[in-house]
Amino acid sequence: MLGQKDDFLEVLSNNIETVINEQDTTAVAEIEKKLEELQKQLLIRANSKEGYNDIAEEIYRLREEKHNALIESAEREGLKQRIRQMTEFLNEQLLEIETYDEHLVRRLIEKITVHDERFEVEFKSGMSMEVER
């Protein structure tokens with residue numbers, strides 16, 4: 001695989017597209033819209049001295065959901081950045097890789113796990129692959 005730079009870059013590009021095109025399961029704007037509506041309902045109920053515990057609990061739940069969606073989005077952005085950096089670094093390499101390169105390994109690989117029958121290579125981009133012995 002190391003000698004096939006173009007093949008690796010193609011796989012990496014496909015992974016970039018997958019990450020970039022990944023849809024948010026909870027859109028922050030949609031959650032904010034629901035929160036606004038619930039806050040208006042909360043004010044109406046509070047002013048008319050009606051019970052509003054159910055609305056308050058839903059507001060807390062939506063705030064937590066929004067917080068989690070923002071965290072997921074930030075993590076996804078970090079992953080996209082690492083993939084871009086890896087792609088730029090690989091594109092700068094002029095020659096095909098034929099020998100072990102410590103600098104390249106440290107830039108690209110997060111960890112290698114050795115099993116009885118295989119190796120598992122986890123790249124800093126989050127992508128992983130198995131190599132049979």
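Condition test on ARG61, is it closer than 25 Å to GLU10 by Cβ, modelled with pLDDT of 80 or more and among the basic types (Lys, Arg)?
Values: closer than 25 Å to GLU10 by Cβ: no; modelled with pLDDT of 80 or more: yes; among the basic types (Lys, Arg): yes.
The answer is no for ARG61.
Identify the residue in region 64-90 that is touching a Ser or Thr at 6+ places or on another chain (Cβ under 7 Å) and closer than 15 Å to ALA29 by Cα and, among all such residues, is modelled with the lowest pLDDT.
The residue in question is ALA69.
Scan region 5-26 and tell me whether some residue there is of a type in the set (D, E, K, R) and modelled with pLDDT of 80 or more.
Taking region 5-26 first, the residues of a type in the set (D, E, K, R) are 5-7, 10, 17, 22, 24.
Then drop every residue that is not modelled with pLDDT of 80 or more, which leaves none.
Checked against the condition, which is being of a type in the set (D, E, K, R) and modelled with pLDDT of 80 or more, region 5-26 yields no hits at all.
The values are calculated or read from the model by the stated rules, or taken from the named source; none is laboratory data. Since this is a predicted model, take the numbers as computed values, not measurements. Here the Cβ is made from the backbone with ideal geometry for all residues, glycine too, and neighbour counts use every protein chain on show.
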